[in-house]
1. For segment 1-37, which positions are among the polar types (S, T, N, Q) and either outside any loop (DSSP other than H, G, I, E, B) or surrounded by 14 or more Cβ atoms within 10 Å (Cβ to Cβ) (or both)?
2. Test each condition in (1) surrounded by fewer than 17 Cβ atoms within 10 Å (Cβ to Cβ); (2) without any contact (Cβ under 8 Å) to a residue 60 or more places away in the chain; (3) closer than 24 Å to Gln43 by Cα for Ile273 and report the one that comes out false.
3. Checking Gly137 against (1) within 21 Å of the chain's Cα centre (by Cα); (2) over 21 Å from Gly46 (Cα atoms); (3) surrounded by fewer than 16 Cβ atoms within 10 Å (Cβ to Cβ): exactly one of these is not met. Which one?
4. Given the conditions (1) at pLDDT 90 or above; (2) among the hydroxyl-bearing types (Ser, Thr, Tyr); (3) over 14 Å from Gly185 (Cα atoms), report the number of the one that Ser150 does not fulfil.
5. Read through the list (1) of a type outside the set (Phe, Trp, Tyr); (2) under 26 Å from Leu160 (Cα atoms); (3) open to solvent by less than 70 Å² (accessible area, probe 1.4 Å), then give the number of the only condition that Gln196 fails.
6. Residues of segment 101-119 being open to solvent by less than 10 Å² (accessible area, probe 1.4 Å), closer than 15 Å to Ile67 by Cβ and of a type in the set (A, V, I, L, M, F, W, C), which ones?
7. Could you tell me whether Leu290 is of a type outside the set (Gly, Ala, Ser), open to solvent by less than 20 Å² (accessible area, probe 1.4 Å) and at pLDDT 95 or above?
8. Quick test for you: out of Ala232, Ala278, Ala263, pick the one residue that is among the hydrophobic types (A, V, I, L, M, F, W, C) and either open to solvent by less than 10 Å² (accessible area, probe 1.4 Å) or more than 29 Å from Leu216 (Cβ to Cβ) (or both).
Amino acid sequence: MTTYENRISTVLERQPVVALLSLAALILYGVWVATGIGASDYQPAGLLPHAVETAGRSVIKSAVINISAVAISSLFLWMINRWYYITHSYCRIYLGLYIIGLASIPALWHGLSSGLIMCAVLLFCVIMLYSLYQRPGGTRRIFLVFCLISVGSLYDFAYLGFAIPLMLACGQMRCMSLRAVLAAGIGLITPLWIGQGFGLIDLTKVGYPMLSIPTLSLLDEYPIPIQILMAAVVIITSVLTIVNTFTIYGHNAKTRANNGVLALMSLWSALAIVIDFAHALSYLPILIALMSVQVALCFSLRRKGRGYITVIVSILLFLSCAVWQMISI
């Protein structure tokens, strides 16, 4: 590693870089709102579709909820790394990548975004599972995790799919037991049971999730920059997840368990956006969050090598896609 490369790595570790990326994200947000670029009529499919329409009517309320969701999910990302040292460094570059990544997708900022809310909920679920390492008796937290997934599915079916990696994550955290499985099952059923009991849900008239792979008709719903961004994020996340997992394999059991949960969520998010492409906007925020962590982890593990390249490539990817959308009006 040359002196020049070492300086680049040092600069990327500093707080001003995160601040600059956050400022750029704020500018992009202002541009999208002022110009209407990337406006989308996307609506998530859930058990209570009318709840989505009602919640998304107010522009101001939608903006407040969206920004609050990003702030909360950023806080959760910081907590995950601060408490569990996921990126093997206290460098906060992952926060900058996450924020600029979201800001480069204008469709997330026009109306209430299910994906931004789901990202915050899923990161909270990850924190809950991390706290259960070798604690098979922590059934209350497992119930809470799956109850949140079930409640989210009333709004967006995308939540339901994450019950699979979260259940596998219980095994990864060594808290799996018959009681844990029962707690998860009851957590999934309880909101639906209560909703039907109060007449909020008619289970005989609800819709069901329909999977869809990328087709020309579905791709046409997104501008070319967003298509490239989605493909790049899926590829980068998948590759770095596999590479980082093999790199950490020789570390202690708790580190491997924490990284295993991260890997499960990352790979599932990348897979979900491919097999349920019609609802890609629901998966993009959590995928970008996990990609940001994987990039930061790769950067940390290869601090004395060329790990900085992954950070620079990610920043250029997000900024170039944003600029491309601006000049293609």
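1. Of segment 1-37, the ones among the polar types (S, T, N, Q) are 2-3, 6, 9-10, 15, 22, 35.
Thr3, Asn6, Ser9, Thr10, Gln15, Ser22, Thr35, listed by residue number.
2. (1)
3. Here Gly137 clears every test but (1).
4. Here Ser150 meets the rest and fails (3).
5. Of everything listed in (1) of a type outside the set (Phe, Trp, Tyr); (2) under 26 Å from Leu160 (Cα atoms); (3) open to solvent by less than 70 Å² (accessible area, probe 1.4 Å), Gln196 misses just condition (3).
6. Listed by number, the residues that qualify are Leu102, Ala103, Ile105, Leu108, Leu116, Cys119.
7. Details: of a type outside the set (Gly, Ala, Ser): yes; open to solvent by less than 20 Å² (accessible area, probe 1.4 Å): yes; at pLDDT 95 or above: yes.
Answer is yes for this residue.
8. On the way: Ala232 fails: either open to solvent by less than 10 Å² (accessible area, probe 1.4 Å) or more than 29 Å from Leu216 (Cβ to Cβ) (or both); Ala278 fails: either open to solvent by less than 10 Å² (accessible area, probe 1.4 Å) or more than 29 Å from Leu216 (Cβ to Cβ) (or both).
Only one candidate passes the filter, namely Ala263.
The values are calculated or read from the model by the stated rules, or taken from the named source; none is laboratory data. Since the model is a prediction, treat every value here as computed from it, not as a measurement. Using ideal geometry, Cβ is built from the backbone for each residue, glycine included, and neighbour counts are taken over all protein chains shown. Side chains are part of the model used for accessible areas, which takes the heavy atoms of the whole protein and leaves out ligands, DNA and RNA. Shrake-Rupley method; radii C 1.70, N 1.55, O 1.52, S 1.80 Å.
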